[in-house]
Each structure stands twice: as C-alpha cells, then as structure tokens.
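Some notes on the structure that comes next.
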Amino acid sequence: MKAQVFRGVNQLSYEEVPVPTLEADEVLVQVRVVGLCQSDIKKIRYPLYEPPRIFGHETAGTIAAVGSQVQGWQVGQRVAVMHHIPCMRCAYCLNDNFSMCDVYKNISTSAGFNPSGGGFAEYVKVPAHIVENGGLIPIPDHISFEEASFVEPTNCCLKAVKKAQIAPGQTVLVTGAGPIGLMFMMLVKFFGAKAIATDLLPSRIEKALAVGAQAAFDACDSNLTAKVQALTGGMGVDVTLLAVPSDKAFFQALDCTRKGGKILFFAEFPDELTIPINPNILYRREIDLMGSYSSSYRLQSLAADIVFNRRIDVKALISDRYPLQDLPQAVDQAIAPTAETYKILIYP
C-alpha cells in the first residue's frame, strides 16, 4: 500500500509499505479520508518523535478485514476511528483526565513502524484495546466520510467547551478563526452562548460571522478591548478560548476577560515561548487559567451525535482536498494559509 512516511523533520516520503498484518483481535480499516491536524503538522516540522512513523489520526473509512476473534464488526462497515482510548482504571481516568492516561498515550492505531495514528496511508490497523472499547464508531448511511472525519476534532473542541463550563447566555472570545476557532464558534452557538472572534485575515473575520459569531474583529485592532467591553455591557467576556499560540492573544484575553472569568489554552505554544505575568492580576481579578488537550472519552457519544445529526455544519469548515501523494503541499498550505484556507482533508 502507499503511505506518507515521516523520515525526519520536514521529510515525508511517499512510498510503498506493507499492509499491516492483523492479530486475531484486531481490525483493518481502508482509509477513505483523513483530516490534516495542527498536531500532525507539528510532528512533521519539529523533532518531537523518532522516525520512521506514519501520522494522521482524524480518520474515516471502511472495514477491510477483521481478526478471527473480533465480534460485532464486519467487512464493509463504514467507521470513524478514534486513535486513542483510555484504560478507564488508572488514577487519571478515575479523575476524568483521560488524555493523561498512559494507555491512552501509548496505544494507537498504526499503518506500520511505531504506532502513530497511521491515517496517512491506504490502510490502518486498529489494535484490540481500541476495537473492544469504543474506538470504532459506525457512520450512519446519510453521513459522508468527510463529515465523519470530524468526530475526533469535534470531541477535542467539545472537551474544551465543557471544561470552560460555557453556558447559555455567556459571551465567549475565540482568538483565531482557523478551522479549530471556527468549530469553537459553532459549538459556542450550539450551547446557547455568543461568540466574538478575532483573526488577522479579513476573509477569516468574514467566515467567523458566516458560521455564527456575534462579532468578529481584526486581532490587531487597537480598540479591540473597548469594542469587546461595549458588546458585554462593560464587563468583558465570560470565557476566552485561545485557538492560536500567540502571547499577544493571551494578553488580549487578559484585557477582554471579565473579573471571575476563564481563559483556556487550546492551541499548543512553542516550548521556547514564555509568558511573563503578574500573579496579582489573576488573584485580584479571580481569573482562572486552564488548559485542554486532546479528547475526552466521556464526550465521545456527544461528539458523534453533534456531527452525525449535523447540529453543527462541519462541511462549512472544509476548504481543500489533496490526494495522499500531495501531503507535503497540503502541509505547506496549512503553514502559510491563503485567504480561503480552513480545514484540509487528505485522500489516500
């Protein structure tokens, strides 16, 4: 089969690799579409993992083979694939910190080499732990593979929305109107709150309004704080979701978030970046800082429901489609987006 193999920093090799062999309790999925995620891009561009590996984890496809001991799954079924499932027994899982679980982190779907997602290949193997514990999600007949590939990123965004306790009537600032920021705006609206967006690109500001933001501003607007205050009766927003790894965006969040509000870090910042802050700002204004990483097993059914019942319009986020052989060009476009670049999908 063909796959894009990570051979080193910024080195993707489109090559022939063996189709993964199955154990008796495993499932093989033919990948029909896989989303390109910012975490994939970081793994490709920075020395975070030893090569060779095959990345890609926002996967939807068709079951191509099942091991002899597998029950409940048949060849030909259409499925969304979750590449991580927690153990549900460790101290992290018992505290709902599923993404901190060692099993969650270390057992993954694979297309060969060290298991790393494997979606950037024609076939991906799903290990027994994931098969047996809810990692395969049947796709309803009326839902396309493209839509189904959004179940995993929807879960990740949903986890952040739930962690920040976004509720009806609140106002939420979303910094960055890329595919993740836009999904946040859709979810904020779905849960009955109002979204205010910021971005540097005029086209993305317009897109934010199109997907339901109450207002959208240039992130460089010197009057941003005053405009946000005007929209919130002088209070500031209840929650800010940082969907871009920018220290400037963080300081804007501090200015725009009300006393007693929350700021949630969703985008992963460069390791070398430090943000100086006077702790008395947090103390006196009672600002909560929090982070949200990856998905939540507890929200998996809700994420599938939101996508499969089209409670948000994930198709509105898709801007580009590339064949697997052109993955390097897709990565380049995601790094330097055009005015109309949002979610990029890859087709093995």
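The values are calculated or read from the model by the stated rules, or taken from the named source; none is laboratory data. Please read these numbers as outputs of a predicted model, since none were measured by experiment. Here the Cβ is made from the backbone with ideal geometry for all residues, glycine too, and neighbour counts use every protein chain on show. The protein model used for the area step is the full one, side chains on, heavy atoms only, and it has no ligands, DNA or RNA in it. Shrake-Rupley method; radii C 1.70, N 1.55, O 1.52, S 1.80 Å.
Before moving on, here are some points about what is shown:
- Single condition GLY61 does not satisfy, out of (1) surrounded by fewer than 16 Cβ atoms within 10 Å (Cβ to Cβ); (2) in contact (Cβ under 8 Å) with a residue 40 or more places away in the chain: (1)
- Within the range 84-134, being under 27 Å from ILE41 (Cβ atoms) and among the aliphatic types (A, V, I, L, M) holds for ILE85, MET100, VAL103, ILE107, ALA111, ALA121, VAL124, VAL126, ILE130.
- Within the range 116-151, being in contact with a Pro (Cβ under 7 Å, 6 or more places away or on another chain), part of a strand (DSSP E or B) and under 22 Å from ARG321 (Cα atoms) holds for ALA121, TYR123.
- Whether a residue is within 27 Å of the chain's Cα centre (by Cα), closer than 22 Å to ILE139 by Cβ, at pLDDT 95 or above and open to solvent by 50 Å² or more (accessible area, probe 1.4 Å) was assessed, and ARG7 does not pass this test.
- Filter result (touching a strand residue (DSSP E or B) at 6+ places or on another chain (Cβ under 6 Å) and not aliphatic (A, V, I, L, M)) within the range 267-291: ARG285, GLU286, ASP288, GLY291
- Single unsatisfied condition, GLY119 versus (1) free of Cβ contacts under 8 Å to residues at least 12 places away in the same chain; (2) within 25 Å of ILE318 (Cα to Cα): (1)
- Selection count where residues are open to solvent by 30 Å² or more (accessible area, probe 1.4 Å) and under 24 Å from the mean Cα position of the chain (by Cα), scope the range 206-230: 7
- Checking ILE130 against (1) within 16 Å of the chain's Cα centre (by Cα); (2) open to solvent by less than 10 Å² (accessible area, probe 1.4 Å), the condition it does not meet: (1)
- Filtered residue count, the range 248-289, keeping only those that are loosely packed, with under 14 Cβ neighbours inside 10 Å and within 17 Å of GLY181 (Cα to Cα): 2
- Selected residue (criterion: farthest from CYS256 (Cα to Cα)) from residues of the range 190-205 that are open to solvent by less than 50 Å² (accessible area, probe 1.4 Å) and assigned to a helix (DSSP H, G or I): SER203
- Of the set (1) open to solvent by 40 Å² or more (accessible area, probe 1.4 Å); (2) over 30 Å from GLU26 (Cβ atoms); (3) in contact with a Ser or Thr (Cβ under 7 Å, 6 or more places away or on another chain); (4) not polar (S, T, N, Q), all apply to LEU173 but (1).
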